[in-house]
Amino acid sequence: MGMTKRSEPKDHTGSVEASLLDEVLAGFAREHDVRTKGALCVPLVVTDHARIQGLPLDPAALRTEKEGQVLGLGKGRVQQILARHGVTRVLAEEGGRTSRGSLGKMNAYVGLLNRLHGEDPDLDLEVIEAFWIMRVKAFFAAKPFVMRTEAGGGLHLPFQQVFDRAEARQKETPGATILGTVLQHMVGARLAAYRSDLRHHSASTKDEGQDRPGDFQLGDVAVHVSTAPGEALIRKCQVNLDGGQRPVIITLGRGLALARGLADNAGIGPRLDVWDAIQWLAAGVVEAGGDSPVGRSQALVALLERYNAVVEAVETDPSLRIELSTGRL
C-alpha cells in the first residue's frame with residue numbers, strides 16, 4: 001500500500017475540498033454517535049493507523065488477536081496523538097477500550113476513509129485528524145468548572161478550588177488565559193451586586209482605547225484585575241491617581257506581594273489598594289448572606305448566576321461557566 005502524501009500543500013481542484021470533508025466527517029459523527037470520550041478515541045486511532053500505514057486500510061487488520069478490541073485503542077496512543085496538537089488533558093483513561101460498539105465504529109470509519117481515498121488518492125489526513133482534534137477540544141470545552149462547598153471548610157475554600165482548577169486547565173492549554181478570565185468575571189459578578197449597570201468586557205479586551213480607566217469603574221474607583229501585576233499596571237494606577245481616581249488592584253497569591261512591592265518602588269504604595277481576590281469574594285458572600293448557612297448559600301448561588309450570565313454575554317468559551325455542587329457555607 002502506498003503512503004498517503006502529506007508533506008506538501010495540495011491543490012484541491014477535483015479532490016475532496018476541506019469544507020466538504022468537514023461536512024462528511026460531521027455527518028459520520030452524527031450517524032455513529034461519535035461524541036463521547038470513548039467514541040472519539042476510535043477515529044483518532046484509526047486515522048493514525050492510516051497516517052502510518054497509508055490507505056486503503058483493512059479493517060480485519062485493525063482488530064486485536066482475540067478480535068475483542070480495536071488495535072492500538074488505548075490511553076497511551078490516544079494521548080500521543082493529542083500531544084501532537086498541544087492537548088495534554090486525558091481524554092479517556094481506557095482510551096476507548098471499554099466503549100461498547102468500538103469495533104462497529106471502527107469498521108464504519110475505515111469504510112468511510114477508504115471511500116474518500118478512492119475519490120481522492122491524495123486525501124489529506126492532517127485535515128481529517130484536525131477535525132477530530134477540534135471535536136475533542138469541544139468535548140473538553142463542554143465541561144464547566146465545578147465549585148464544591150464543604151461542611152466545616154473555610155469560606156474561601158470554594159473560590160480557591162475554582163481558581164486552582166482554572167490554573168491547571170490553563171497549563172494544559174498553552175497560550176490560554178483561563179485563570180485571568182475566570183478571575184475578571186468573578187470580580188465583575190460581585191461588583192454587579194452593587195451596580196446593575198456595570199459594564200463587562202471580554203477578558204481579551206484591552207483597557208487602552210476603550211475610554212475606561214481599568215477593568216471596572218465604580219464612580220471614582222478604578223478596579224484592575226490581574227493574576228500577575230506588572231510595571232505596566234502600576235503605570236495605569238499612576239494615571240488613575242493623576243486623574244483624581246482611586247485605583248484598586250484585585251489579584252491572587254503571589255500577585256499581592258508583587259503589586260505592593262512595585263507600588264512602593266513607584267512611590268504610590270500608600271495611595272494604592274491591593275486586595276486578595278479570594279478573601280474579598282468570600283467576604284462578599286458573608287456580607288450578602290449574613291450569619292445563616294442558607295443565606296450564605298443563596299448568596300453564593302446568586303454570585304455564580306451573575307458570573308455565568310457575564311460569561312455567556314461576553315465570552316465564547318462555555319467551559320468558563322461554573323456549576324455549584326450541593327452544600328452549605
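For residues that are among the acidic types (Asp, Glu) and open to solvent by 30 Å² or more (accessible area, probe 1.4 Å), scanning just region 32-61, find the one that is modelled with the highest pLDDT.
So, considering only residues that are among the acidic types (Asp, Glu) and open to solvent by 30 Å² or more (accessible area, probe 1.4 Å), the one modelled with the highest pLDDT is ASP58.
Could you go through region 195-205 and let me know if any residue there is of a type in the set (D, E, K, R), at pLDDT below 95 and in contact with a strand residue (DSSP E or B) (Cβ under 8 Å, 6 or more places away or on another chain).
Checking region 195-205: at least one residue is of a type in the set (D, E, K, R), at pLDDT below 95 and in contact with a strand residue (DSSP E or B) (Cβ under 8 Å, 6 or more places away or on another chain).
Are there any pairs with C-beta distances below 6 angstrom linking a residue in region 166-193 that is at pLDDT 95 or above to a residue that is aromatic (Phe, Trp, Tyr) and not in a helix (DSSP H, G or I), with the two at least 6 apart or on different chains, and if so which?
Partner pairs satisfying both residue conditions: LEU191/PHE216.
Would you mind finding the one in LEU262, LEU300 that is part of a helix (DSSP H, G or I) and either touching a residue at least 40 places away in the same chain (Cβ under 8 Å) or open to solvent by 70 Å² or more (accessible area, probe 1.4 Å) (or both)?
LEU300
Counting only residues that are free of Cβ contacts under 8 Å to residues at least 24 places away in the same chain, open to solvent by 30 Å² or more (accessible area, probe 1.4 Å) and assigned to a helix (DSSP H, G or I), how many does region 284-297 have?
Total satisfying the criteria: 1.
Any idea which residue in region 303-326 is farthest from HIS200 (Cα to Cα), counting only those that are in contact (Cβ under 8 Å) with a residue 40 or more places away in the chain, buried (at least 16 other Cβ atoms within 10 Å of the Cβ) and of a type outside the set (A, V, I, L, M, F, W, C)?
SER319
Looking only at region 135-154, which residues are open to solvent by 60 Å² or more (accessible area, probe 1.4 Å) and within 20 Å of SER325 (Cβ to Cβ)?
Hits for region 135-154 are ALA142, LYS143, ARG148, GLU150, ALA151, GLY152.
Out of curiosity, is HIS200 in a loop (DSSP other than H, G, I, E, B), touching a residue at least 24 places away in the same chain (Cβ under 8 Å), in contact with a Phe, Trp or Tyr (Cβ under 9 Å, 6 or more places away or on another chain) and not small (Gly, Ala, Ser)?
yes
Would you check if there is a residue in region 166-178 being crowded, with 21+ Cβ neighbours inside 10 Å, within 16 Å of VAL310 (Cα to Cα) and of a type outside the set (Phe, Trp, Tyr)?
yes
So which residues in region 244-259 are in a helix (DSSP H, G or I) and either at pLDDT below 95 or open to solvent by 40 Å² or more (accessible area, probe 1.4 Å) (or both)?
Across region 244-259, the qualifying residues are ARG254, ALA257, LEU258.
The values are calculated or read from the model by the stated rules, or taken from the named source; none is laboratory data. All figures in this text were calculated on a predicted structure; none of them were measured in a lab. FYI the Cβ positions are ideal-geometry reconstructions off the backbone, even for glycines, and counts take in every protein chain you see. Quick note on the areas: whole protein, heavy atoms, side chains included, nothing else; ligands and nucleic acids left out. Shrake-Rupley method; radii C 1.70, N 1.55, O 1.52, S 1.80 Å.
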